[in-house]
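The values are calculated or read from the model by the stated rules, or taken from the named source; none is laboratory data. Since the structure is predicted, the reported quantities are computational estimates derived from the model, not experimental observations. Because the Cβ atoms are built from the backbone with ideal geometry, glycine has one as well, and the counts that use them run over all protein chains shown. The accessibility values were calculated without ligands, DNA or RNA, using every heavy atom of the protein model including side chains. Shrake-Rupley method; radii C 1.70, N 1.55, O 1.52, S 1.80 Å.
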Amino acid sequence: MARIVQKYGGTSVGSVEKIENVANRVARVVEDGNEVVVVVSAMGKSTDQLVQLANDITKNPSKREMDMLLTTGEQVTIALLTMALQKRGVDALSYTGGQAGILTEANHGNARIREIDSARLNEQLEAGKVLVVAGFQGMMEDGSITTLGRGGSDTTAVALAAATKADRCEIYTDVTGVFTTDPRYVAKARKLQAISYDEMLEMANLGAGVLHPRAVEFAKNYDVPLMVASSMVEEAGTMIEEVVTVEKNLVVRGIAFENDVTKITVAGLPNRIDTLPKLFSILSSHGVNVDIIIQNQYDANHVNISFSITQCSLKDTVACLEQAKEELEFETLHHEEELAKVSIVGSGMISNPGVAATMFEALAKNDIFIKMVSTSEIKVSAVVSEDDMVMAVEVLHDVFKLDEVLAEAPEKQLV
């Protein structure tokens, strides 16, 4: 017998028929003698519909009331799924995030989990109950409902797995696992049998949308074995674990990419020790999230500093820099839009020199110009033209032979 936390996303519970399918899957796991916690998202596009209702009332709703509104989407799903399980003879109970003991910080709209009082959940699990918990939500100390922001249901599932000391956490979605890159763009993309926490965290932060970074971080910090698989088909998924025991020969494990990148260049800044901290403190105070940073000194007294941001941050970034021009003492401000970031990720890079050289040579041979570069121990990112993004991913997928299985191992079967 194992204790298992399963999470089903919005596409997996988007209709009554799909909820019935999830109930069948959960019932089979229970029949095998396992203790089960099920975390669910709101049905399909229901969250978008709730947001639209709020916008029909006011263009500036309070964050507290938006949390109150949006959490109803998950509450619909937990009630319906619990009814479907009970119809199958499964002794199930539904819980909101607050009822499940999820305590968050006081931050409406994007709260972080502070702690989980799992005593109630453990008692019910030991009594043979299947617990159906609303994802994406928690509660402040004063009883106010909060939401966990983007990817909140993934985070809920992993956090509950850690709190209840589950044997594993299974994330079910509309894809069959984690791929070497997005198969919607690259036909040769291959599903990975396994990937490490660190590699998955980099992939998630760099644009891979399979899992939210906060969920992966939770799994790594609490050593929660994590699996990503499809809720639509019976097929082995991808294991996310500390040490990958399969496909060890892969130097690069995957390629992540994202568009809507903008490069900002602040030219003619004074070459002083306080220039960098002053510039980025101003950006931080205006909520500008900066990614890649490059500094060039072009004479003894001046430097140019370039950095990348998301396209949606451009207007606010330019406004705050122009406002602070006198304080920063720069000469000109430039920006370049319609860029993309392409990143190779793999823990094998640590012990294999020349990976970056291979990447740059492959891009150069295909006339793909690199505008910015960022590296870490297990990733190399390059900013290129948005028009070259897909070609860059395809080229790198080929040059690092990601469509080939270099070390085989038996696939782990779904429970």
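Going through the range 269-301 one residue at a time, which ones are among the polar types (S, T, N, Q) and in a loop (DSSP other than H, G, I, E, B)?
N271, N289, N301
Return only the number of the condition from (1) under 25 Å from A163 (Cα atoms); (2) touching a residue at least 60 places away in the same chain (Cβ under 8 Å); (3) open to solvent by 20 Å² or more (accessible area, probe 1.4 Å) that E31 does not satisfy.
Of (1) under 25 Å from A163 (Cα atoms); (2) touching a residue at least 60 places away in the same chain (Cβ under 8 Å); (3) open to solvent by 20 Å² or more (accessible area, probe 1.4 Å), only one is false for E31: (2).
Read through the list (1) closer than 18 Å to F136 by Cα; (2) open to solvent by less than 50 Å² (accessible area, probe 1.4 Å); (3) in a loop (DSSP other than H, G, I, E, B), then give the number of the only condition that L81 fails.
Every listed condition holds for L81 apart from (3).
For D274, all conditions in the list (1) within 30 Å of V210 (Cα to Cα); (2) without any contact (Cβ under 8 Å) to a residue 60 or more places away in the chain; (3) open to solvent by less than 80 Å² (accessible area, probe 1.4 Å); (4) not hydroxyl-bearing (S, T, Y) hold save one; what is the number of the exception?
Going through the list (1) within 30 Å of V210 (Cα to Cα); (2) without any contact (Cβ under 8 Å) to a residue 60 or more places away in the chain; (3) open to solvent by less than 80 Å² (accessible area, probe 1.4 Å); (4) not hydroxyl-bearing (S, T, Y), D274 breaks only (1).
Quick check on this structure: which one of R150, R88, R112 is modelled with pLDDT of 95 or more and either open to solvent by 20 Å² or more (accessible area, probe 1.4 Å) or over 27 Å from the mean Cα position of the chain (by Cα) (or both)? Even if it seems obvious, please write down each step before you answer.
Numbers: R150 fails: modelled with pLDDT of 95 or more; R112 fails: modelled with pLDDT of 95 or more.
So the residue among R150, R88, R112 that is modelled with pLDDT of 95 or more and either open to solvent by 20 Å² or more (accessible area, probe 1.4 Å) or over 27 Å from the mean Cα position of the chain (by Cα) (or both) is R88.
Out of the residues in the range 35-78 meeting the condition of being among the acidic types (D, E) and in a helix (DSSP H, G or I), tell me which one is modelled with the lowest pLDDT. Break it down stepwise before answering.
Keep residues of the range 35-78 that are among the acidic types (D, E), which gives 35, 48, 56, 65, 67, 74.
Checking the rest, the ones that are also in a helix (DSSP H, G or I) come to 48, 56, 65, 67, 74.
Working: D48: 92, D56: 96, E65: 96, D67: 96, E74: 96.
The selected residue is D48.
Filter the range 321-378 for residues that are small (G, A, S), open to solvent by 40 Å² or more (accessible area, probe 1.4 Å) and assigned to a helix (DSSP H, G or I) and give the result.
S347, S351, A357, A364, listed by residue number.
How many of the residues making up the range 153-171 are crowded, with 22+ Cβ neighbours inside 10 Å and of a type in the set (K, R)?
Number of matching residues: 0.
Taking interchain pairs and intrachain pairs at least six residues apart, which have beta carbon atoms under 7 angstrom, with the first residue in the range 181-202 and at pLDDT 90 or above and charged (D, E, K, R) and the second assigned to a helix (DSSP H, G or I) and open to solvent by 30 Å² or more (accessible area, probe 1.4 Å)?
D198/S347; E199/S347
Determine which member of the set E115, E123 is assigned to a helix (DSSP H, G or I) and either touching a residue at least 40 places away in the same chain (Cβ under 8 Å) or of a type outside the set (V, I, T) (or both).
That would be E123, the only listed residue that is assigned to a helix (DSSP H, G or I) and either touching a residue at least 40 places away in the same chain (Cβ under 8 Å) or of a type outside the set (V, I, T) (or both).
So the check is Cβ under 7 Å with 6+ separation or different chains; which pairs have a first residue in the range 285-302 that's open to solvent by less than 90 Å² (accessible area, probe 1.4 Å) and a second one that's in a loop (DSSP other than H, G, I, E, B) and modelled with pLDDT of 90 or more?
So the pair list comes out as A300/N271; H302/N271.
Kindly provide the set of residues from the range 187-203 that are open to solvent by less than 10 Å² (accessible area, probe 1.4 Å) and either over 12 Å from A219 (Cβ atoms) or more than 16 Å from the chain's Cα centre (by Cα) (or both), ordered by number.
Selection gives L192, A194, E199, M203.
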